[in-house]
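Right, one structure below, let's go through it.
The values are calculated or read from the model by the stated rules, or taken from the named source; none is laboratory data. Owing to the predicted nature of the structure, the values given are computational and were not obtained by experimental measurement. Note that each Cβ is placed from the backbone with ideal geometry, even for glycine, and that neighbours are counted across all protein chains shown.
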Amino acid sequence: MHGPGVRSSFPPDPKRQAILQQARKAFVSEGYAATRIEPIAREAGVSTATLYALFDGKAQLFSLVIDEAAEDFAQQMARLGTIEGDARQQLVSFAEAYADFMSDPFVRAVFRLVMAERPRFQAVALRFFEKGREAFGATLIGILTALSKSGALRPIERPSWAAGHLMGMVEHPVFFVPLVTGDEIKVRRTNAAIVEDAVDTFLARYGV
């Protein structure tokens, strides 16, 4: 059997993937405490005995669901490393993709879930946040470093700070406000307007 915080080494298995998919839906919609194993098995089209033959239980399911969500997020952001164009085009392309990703209700739901269960699953939460920081930050740092070396941006002594500056201007209105308010307060500006303002501010400081 597998520990709750370890990614499984099972080969791709339709039953296993169906269980994880249903568990993901259940945890996001109901939270960890309210989620029950029997409905997950039923919705996945397997018996409870089959579920327990593949997984140790709810704790392991939760850990694997969050780990796989983190991996999905990282793969989405990794694709942004091939952005082309001048400095403004690259920054706008990254910021638009980042804004769209961070404003996705499912992404916010996963973050809420991880924060709510952090005391119970500290190692899982830490892996989730470290994966996100590495995927998001590393992608933008790579873009900024290349632009700075090519002379398209001023020399940037601390690319991680510069990346945090741009990402923070996007994150606050499209992610943190809805995350805290539960989507009850709608941001008046569109993602495109938020991105334009963020990139303009960024280039005013780092542009040539």
request  = Would you mind telling me which numbered condition in (1) within 30 Å of ASP197 (Cβ to Cβ); (2) crowded, with 18+ Cβ neighbours inside 10 Å; (3) touching a Phe, Trp or Tyr at 6+ places or on another chain (Cβ under 8 Å) SER63 fails?
outcome  = (1)
task = Considering only residues that are assigned to a helix (DSSP H, G or I), in contact (Cβ under 8 Å) with a residue 40 or more places away in the chain and not basic (Lys, Arg), look in the range 77-88 and name the one that is nearest to SER29 (Cα to Cα).
result = MET77
request  = For VAL6, work out the one condition from (1) outside any loop (DSSP other than H, G, I, E, B); (2) within 14 Å of LYS58 (Cα to Cα); (3) modelled with pLDDT under 90 it doesn't fulfil.
outcome  = (1)
inquiry  = Can you find a residue that is closer than 27 Å to LEU61 by Cα and surrounded by fewer than 18 Cβ atoms within 10 Å (Cβ to Cβ) anywhere in the range 132-154?
reply    = yes
ask   = GLY81 versus (1) farther than 21 Å from ASN191 by Cα; (2) at pLDDT below 80; (3) more than 11 Å from the chain's Cα centre (by Cα): which is the lone unmet condition?
value = (1)
task = Inspect all residues belonging to the range 118-132 and state whether any of them is in contact (Cβ under 8 Å) with a residue 40 or more places away in the chain, of a type in the set (Asp, Glu) and out of contact with any Lys or Arg (no Cβ under 9 Å at 6 or more places or on another chain).
result = no
request  = Give me a count of the residues in the range 76-96 that are within 18 Å of PRO178 (Cβ to Cβ) and aliphatic (A, V, I, L, M).
outcome  = 1
query = Which residues, taken from the range 25-56, are within 25 Å of the chain's Cα centre (by Cα), assigned to a helix (DSSP H, G or I) and of a type outside the set (Gly, Ala, Ser)?
reply = LYS25, PHE27, VAL28, GLU30, ILE40
remark   = Pairing a residue in the range 44-58 that is under 15 Å from ALA26 (Cα atoms) with any residue that is hydroxyl-bearing (Ser, Thr, Tyr), where Cβ atoms lie under 9 Å and the two sit 6 or more apart in sequence or on different chains, gives ALA44/THR50; LYS58/TYR32; LYS58/THR35
